[in-house]
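Enquirer: Would you mind keeping the following structure in view while I ask a few things?
Nothing in this text is a laboratory measurement; each read-out follows from the coordinates by a stated rule. Just so it is clear, the model here is predicted, and its values are computed rather than measured. Counting neighbours? That spans all protein chains shown, and the Cβs are built from the backbone with ideal geometry, glycine included.
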Amino acid sequence: MENKKRKLNLNKRRIIILIVLAIIAFLIIFGMAKLILKLFSPEYSVGNYANMGLAIEDGNTVYYNKFEKGIVKFEKDKETNLTEETAYSMTLINDTIYYLTISSSNTIDLNSVKTNGENLTKIKTLYTSISKFYIDDGYVYYVSNKDNIGIYKLSLETSEESTVMLANVQDFVLDKDLIYFTDNVGFLHSVKLDGTDKKDISTDYNIKNIQILGKWIYFYDETENALCKMKKNGSSKKVVATFVNNEIYNVTNKKIYYYDEINKKICKCDLKGEKSKEIVSLEATRTKINIANGVIYYLDNSKDESQIYQMYRVKENGKKSKAIEY
């Protein structure tokens, strides 16, 4: 009887050890799979909108803004002009590009064009001071200062405008079913898409240029003079990089690209704010950084005296730097 009990206890211990070993093996395999997936997953940007939305990607195809020359489709080293007007905040929905442009009468218009260059359409004139909008479930969300400044939405089906929320909005990001926005003193808030459930996320910092990646909100903090991040509920605020000392940056799922204002260079570092490297030198004192298909599209001084800026592109490893011909 005692022998049977010993054997039974021994078998139980063996089973427990096997279960523990199986759990450890699963966690190791799961961790390795996540690491491999992260290493080999394509790079995508969450910060193009914060950089005027001058480039977007669709698989191997890139659409970028060539300023007065319009939107250009870049595919298999071939460039095709789709429009003849400057485009900001380009947004691709199915086979249609939505964008903001300044009309000949100096109004800011929301337009659209098919990716084959057909059906160029003016949707509506928007009275906005922020060259940014988001599209969700058939509605365009944007900031208007026509009558009362705030966040509004426009139905793409009926062209009906309605108010989401009135506030002195300086910047905003639509993330899932929430809008995160900063006010005129740099405080961060959130509100649902229907304008309800407004919350104060952070009232301790002077926040500019918010970009959201996963559970983190990245932002430039004028008080810290650094790139920082916090969780979406406002907790776990951290300084990411003190060498990012202005609000021109672009976060991707793999890197942070930023403008070194002192040395006039575009650089990159990892998401922890480490391993900083120079990519390309600039002549201009300001720029915008857009990422599409592993290529950086950025602004620098124009070689044409008729305009101030010109679009350039360079690979994220710093190779094949090239001015885009006009």
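Enquirer: Once you list every other residue whose beta carbon is under 12 Å from the beta carbon of Asn233, what net charge do they have if Lys and Arg are +1 and Asp and Glu are -1? Mind showing how you got there, number by number?
Expert: Numbers: positive: Lys199, Lys215, Lys231, Lys232, Lys237; negative: Asp200.
So the environment of Asn233 carries a net charge of +4.
Enquirer: For the range 80-121 and the range 172-197, write down the distance between their C-alpha centroids in whole Å.
Expert: 26 Å
Enquirer: Using just the helices of the chain, give the 222 nm mean residue ellipticity in deg cm²/dmol: DSSP H runs with n ≥ 4 each add -39,500 (n - 2.57), and the total is spread over all residues, rounded to 500. Before the final figure, lay out the partial values.
Expert: Numbers: 1 runs with 39 residues, N = 326.
Theoretical 222 nm ellipticity from helices: -4500 deg cm²/dmol.
Enquirer: Also, quick follow-up: Please determine, in degrees from 0 to 90 and to the nearest 10, the orientation of helix 2-40 with respect to the longest principal axis defined by the Cα atoms of the chain, where the helix direction is its Cα long axis.
Expert: Roughly 20 degrees, rounded to the nearest 10.
Enquirer: Just in the range 229-290: which GluC sites (Glu not before Pro) are loop by DSSP and have at most 10 other Cβ atoms within 10 Å?
Expert: Values: sites: Glu247, Glu261, Glu274, Glu278, Glu283; in loops: Glu247, Glu261, Glu274, Glu283.
When the GluC sites (Glu not before Pro) of the range 229-290 are filtered for loop state and at most 10 Cβ neighbours within 10 Å, Glu274, Glu283 remain.
Enquirer: Taking the inverse of the average 1/r across all pairs of different Cα atoms in the range 249-326, what Kirkwood radius in Å do you get? Please report the intermediate quantities before stating the final value.
Expert: On the way: mean 1/r = 0.0786 Å⁻¹.
It works out to 12.7 Å.
Enquirer: If I compute volume of the Cα convex hull per residue in Å³ from the structure I just sent, which labelled value in (i) 153; (ii) 313; (iii) 203 lines up?
Expert: Here volume of the Cα convex hull per residue in Å³ agrees with entry (iii).
Enquirer: Which of the trypsin sites (Lys or Arg not before Pro) found in the range 121-161 are loop residues per DSSP with 15 or fewer other Cβ atoms within 10 Å of their Cβ? Provide the component values of the computation, followed by the final result.
Expert: Details: sites: Lys122, Lys124, Lys132, Lys146, Lys153; in loops: Lys132, Lys146.
When the trypsin sites (Lys or Arg not before Pro) of the range 121-161 are filtered for loop state and at most 15 Cβ neighbours within 10 Å, Lys146 remain.
Enquirer: Turning to a different aspect of this structure: Can you list the GluC sites (Glu not before Pro) in the range 75-110 that are in a DSSP coil and have 12 or fewer other beta carbons within 10 angstrom? All intermediate terms of the calculation are to be shown ahead of the outcome.
Expert: Working: sites: Glu75, Glu79, Glu84, Glu85; in loops: Glu84, Glu85.
Taking the range 75-110 and a limit of 12 other Cβ atoms within 10 Å, the loop GluC sites (Glu not before Pro) found are Glu84.
Enquirer: Take the chain, connect every pair of alpha-carbon atoms lying under 10 Å apart with a spring to form a Gaussian network, then pick out the residue of Asn116, Asn209, Asn293 with the largest mean-square fluctuation.
Expert: Comparing Asn116, Asn209, Asn293 in the GNM, the peak value goes to Asn116.
Enquirer: Still on this model: What's the FRET efficiency of Lys231 with Glu305 using the Cβ-Cβ distance as r and R₀ = 56 Å, to the nearest 0.05? Walk me through the numbers on the way to the answer.
Expert: Details: r = 48 Å, r/R0 = 0.86.
With R0 = 56 Å, the Cβ-Cβ based efficiency is 0.70.
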